[in-house]
């Protein structure tokens, strides 16, 4: 049940707020995912045509309705059930299939009959729909018209998104062979860029998963739902959510103390590994909270292990698009526990790997990560938030690149371990290169690089005086 009023009742003072309708979205997603590629393409083509031709708009701005995406989805659901497999596969012609389905939709509109796919005797159309002109236009469409329309309005639009050397192939198309060559070049370009777009989507998802965990209170139910749904999309998302949730619980415990509510949440997130925490979660932690530092440490360690797995999955999927070092969180955790030699070794390797790369991967800086960071970066983040609290929801302010983080850790470890002036002078060169690599909008990166540059410069100056 979803709180959506009937179209004719949305302006009503009472009905507009109180009406609900049945939603079959989960069942629809299951069915759509079972469609053959050709069926999914036809669905997309129909939706694009209807939307572009503005057949989903109301002609006179009245409350009367016309078509919607749900009518197209209903049309496709019935077609996939009633049409034999051979209709979709033999002598495949996507334009022919689209024309036939548009004619079917025209008949539905003329008869004011669009049978709901899940609910018997439920008509998705009613007398308020403006169907006359739309039905007539759909029935007049033939294969020649629709083929020309898709070439000009769909393939042409795709070509405009391509680089000039590809788009210009389409501008002078006159023959079938020229059109086929232009389309082939568009497809080849798209295949080469699709992985890069997917990587951008994963970065977007990573940021908003962490934002969701940070803003909303975790419950057993929300954890189960997120893990299950994210696993359906990709395993790496559920791994990342588990890491973020563990850091969130550790952060809350370190600030507010232990509460019994976290036990079922940890059991849900950790699964079989929860047994490792049972000893720490014994009665002493609930009485005098003497075990809280140990519990927080175990949670952070487990989160870092999840984050390392997540990085490995990312590197495996997108290593051809962007260089991703997989030990950034491991180096951060080594620094946190005072293992400066291990941190220096990992961060130095990461700096050498990332320094000359074209694309840089980001590490989020949210409250959940504060216990893993030292006071300097936390203070920088706090200063930015004091200046503009909205920065927390912007990626460029709530993250730093792997290169910046690695340089910061490397510099801090060199200073703590008393490295030579020659070694620190080389680090200054690395910092200068990194500063040129980050544009002005990367405020957190530039502030962090400026900070460590100043630390190294002051240290070298003091060393020269002594």
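The values are calculated or read from the model by the stated rules, or taken from the named source; none is laboratory data. Please read these numbers as outputs of a predicted model, since none were measured by experiment. Note that we place each Cβ from the backbone using ideal geometry, even for glycine, and neighbour counts take in every protein chain shown.
Below, the figures for the structure above:
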quantity	calculated
Residue check for residue 365: closer than 28 Å to residue 429 by Cα, at pLDDT below 80 and assigned by TED's automatic domain parsing to the domain that holds residue 427	yes
Qualifying position, being surrounded by 12 or more Cβ atoms within 10 Å (Cβ to Cβ), at pLDDT 85 or above and either within 30 Å of residue 151 (Cβ to Cβ) or touching a helix residue (DSSP H, G or I) at 6+ places or on another chain (Cβ under 6 Å) (or both), among 66, 74, 56	74
Test for residue 219: is it farther than 18 Å from residue 249 by Cα, under 23 Å from the mean Cα position of the chain (by Cα) and not assigned by TED's automatic domain parsing to the domain that holds residue 154	no
Matching helices (runs of 4 or more DSSP H) fully within region 61-176 where at least 3 residues are in contact (Cβ under 8 Å) with a residue 12 or more places away in the chain and more than 36 Å from the chain's Cα centre (by Cα)	94-111, 132-140
Unmet requirement for residue 31, which otherwise passes all of (1) farther than 19 Å from residue 74 by Cβ; (2) in contact (Cβ under 8 Å) with a residue 24 or more places away in the chain	(1)
Single residue of 209, 233, 224 found to be touching a helix residue (DSSP H, G or I) at 6+ places or on another chain (Cβ under 7 Å), within 30 Å of residue 244 (Cβ to Cβ) and surrounded by fewer than 14 Cβ atoms within 10 Å (Cβ to Cβ)	224
Number of positions in region 331-360 that are crowded, with 19+ Cβ neighbours inside 10 Å and assigned to a helix (DSSP H, G or I)	13
Some residue of region 90-106 being surrounded by fewer than 16 Cβ atoms within 10 Å (Cβ to Cβ), closer than 21 Å to residue 52 by Cβ and modelled with pLDDT under 85	no
Residue 357 vs. criteria over 28 Å from residue 216 (Cβ atoms) and free of Cβ contacts under 8 Å to residues at least 24 places away in the same chain	no
